[in-house]
1. By counting other Cβ atoms within 10 Å of each Cβ, how are 112, 18, 127, 36 ranked from fewest to most?
2. So what's the projected area for the chain, the Cα convex hull averaged over all directions, in nm²?
3. Using Cα pairs under 8 angstrom and six or more residues apart, how large is the relative contact order of the chain, in percent?
4. Which value in nm describes the separation of the simple spin-label points at residue 32 and residue 73, placed 7 Å from the Cα toward the beta carbon?
5. Taking the Cα centre of the chain as the origin and placing charges on Cβ (Lys, Arg +1; Asp, Glu -1), which of 53, 95, 22 is farthest toward the positive end of the dipole?
6. What's the magnitude of the charge dipole for the chain around its Cα centre, counting Lys and Arg as +1 and Asp and Glu as -1 at the beta-carbon? Answer in Debye, nearest 20.
7. Comparing 98, 75, 106, which has the greatest mean-square fluctuation in the GNM of the chain with Cα pairs linked when under 10 Å apart?
8. For the ranges 58-67, 23-32, what's the packing order if you count other beta-carbon atoms within 10 Å of each residue, average per peptide, and put the highest first?
Amino acid sequence: MATVKSLNKWANAHTYYSLDVLRIVVGVFLFMKGVSFMTNIEYYTQLIEPLKNIGGGMLIVHYIMGAHIVGGVMILFGLLTRWSVIAQIPILFGAFIINFIGEMHIGNLILSFLLLAICVFFLFYGSGKHSADYYFKMQQ
């Protein structure tokens, strides 16, 4: 717990509006990906075609939809950002790996790698000073 507190103190001392804008953009993007995932289910089942022999394929699809929609909104507002990012990391790592198993999509590969790197950054950085987490912490 002391490590998280020291990371929060460092992040609040070194906060920048550009990082908050990046967090908001990532949250909106993940939310839109979740909505896209929900509306184009056939496309995404084709994407995970290489993993169809693994049990729970539809469970994975529903986890991705929920995690992107709920996690995107939480990242957008900066509410429980680290927990939301932890839920996104396995999805983004899987999106990165699936490009090597199935058909290679360079755009998806680059996008998933960038989002994975940004999420790992926010896992350590936190939500920043301009977020719901900071607001609720200051209200105590």
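Readers should treat all values here as calculations from the given coordinates under stated rules, not as data from a laboratory. The model shown is predicted, which means the values in this text are computed figures rather than measured ones. Cβ coordinates were reconstructed from backbone atoms using ideal geometry, including for glycine residues, and neighbour counts include every protein chain displayed.
1. Listed from fewest to most nearby Cβ atoms, that is 18, 36, 112, 127.
2. For the chain, averaging the hull's shadow over all directions gives 9.1 nm².
3. Relative contact order here is 32 percent.
4. Result: 1.8 nm between the two label points.
5. The residue sitting farthest along the positive end of the dipole is 22.
6. Magnitude of the dipole: close to 560 debye.
7. 106
8. For the peptides 58-67, 23-32, the packing ranking is 23-32, 58-67.
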